[in-house]
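So the structure is just underneath, and the comments pick up after that.
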Amino acid sequence: MPTLYLIICAAGEAHRAAEMVRSARADGWSVHCIATPAAVEHFLDIPELEAVTGHEVRTAHRNPGDPPLPPADAVIVAPATYNTINKWAAGIGDTYVLIKLAELTGLGVPIVVVPYVNAVLAGNRVFHRSLAELRESGVRVLYEPHAPGGDSSGGFSWPAALAAIRRRR
């Protein structure tokens, strides 16, 4: 069974991550969730994610003696925040998630990122440069900006992310 890392940031739609896990598992993936501390604090139901994946949700480097994650066959970063995208593209590794993304990008593992960034933040040139940098690094970007505040789920698609990674296998 191939291994999929689902990297979850603190943004709207993160609360639906278990739906993505169920879909990925039905598609034949073993899923390991890696989440930012803010995603854990504000959006995620950790017991539910651990129940549907059968694995611990990682938020930090492992302790000595803890088993490592199995190698990833593919990665989905969703929902991805403005902060994570810009730091990742700039090579900043100040969190566990960013270090993992730097390693996975360097290894050439197929990665699909689904930003969850409103149109106002997306209007910044640095964001466009970051998306271009990630694309040049081989990352597939699926992005539809949404209005600030309010519901933006119309442009965000867990199924599209899974379909995109399936095509990259």
### region 103-131, residues that are small (Gly, Ala, Ser) and open to solvent by less than 40 Å² (accessible area, probe 1.4 Å)
Ala122, Ser130
### Summary
Given (1) open to solvent by less than 50 Å² (accessible area, probe 1.4 Å); (2) at negative phi; (3) without any contact (Cβ under 8 Å) to a residue 60 or more places away in the chain, Lys100 misses just (3)
### Message
Checking the structure you have, find out if any residue of region 152-165 is more than 16 Å from the chain's Cα centre (by Cα), modelled with pLDDT of 95 or more and either open to solvent by 70 Å² or more (accessible area, probe 1.4 Å) or under 24 Å from Arg25 (Cβ atoms) (or both).
### Response
no
### Message
Quick check on Ile85: is it hydrophobic (A, V, I, L, M, F, W, C), open to solvent by 40 Å² or more (accessible area, probe 1.4 Å) and under 16 Å from the mean Cα position of the chain (by Cα)?
### Response
no
### Summary
Within region 70-82, the count of residues that are open to solvent by 40 Å² or more (accessible area, probe 1.4 Å) and out of contact with any helix residue (DSSP H, G or I) (no Cβ under 7 Å at 6 or more places or on another chain) comes to 3
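Which members of region 133-151 meet the condition of being touching a helix residue (DSSP H, G or I) at 6+ places or on another chain (Cβ under 8 Å) and either open to solvent by less than 60 Å² (accessible area, probe 1.4 Å) or modelled with pLDDT under 95 (or both)?
Hits for region 133-151 are Leu134, Ser137, Gly138, Val139, Val141, Leu142, Tyr143, Glu144, Pro145, His146, Ala147, Pro148.
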### Query
Given the conditions (1) open to solvent by 70 Å² or more (accessible area, probe 1.4 Å); (2) touching a residue at least 24 places away in the same chain (Cβ under 8 Å), and given that Arg62 satisfies all but one, which numbered condition is not satisfied?
(2)
### Subset of region 37-53 that is touching a residue at least 12 places away in the same chain (Cβ under 8 Å) and open to solvent by less than 60 Å² (accessible area, probe 1.4 Å) - its residue that is farthest from the chain's Cα centre (by Cα)
Val52
### Task
Could you check Glu13 against (1) more than 21 Å from Ala122 (Cβ to Cβ); (2) at pLDDT below 95; (3) of a type outside the set (Val, Ile, Thr) and say which number it fails?
(1)
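The values are calculated or read from the model by the stated rules, or taken from the named source; none is laboratory data. Remember, it's a predicted structure, so these values are computed and weren't measured experimentally. Note that we place each Cβ from the backbone using ideal geometry, even for glycine, and neighbour counts take in every protein chain shown. What goes into the accessible areas is simple: the full protein's heavy atoms, side chains included, and nothing from ligands, DNA or RNA. Shrake-Rupley method; radii C 1.70, N 1.55, O 1.52, S 1.80 Å.
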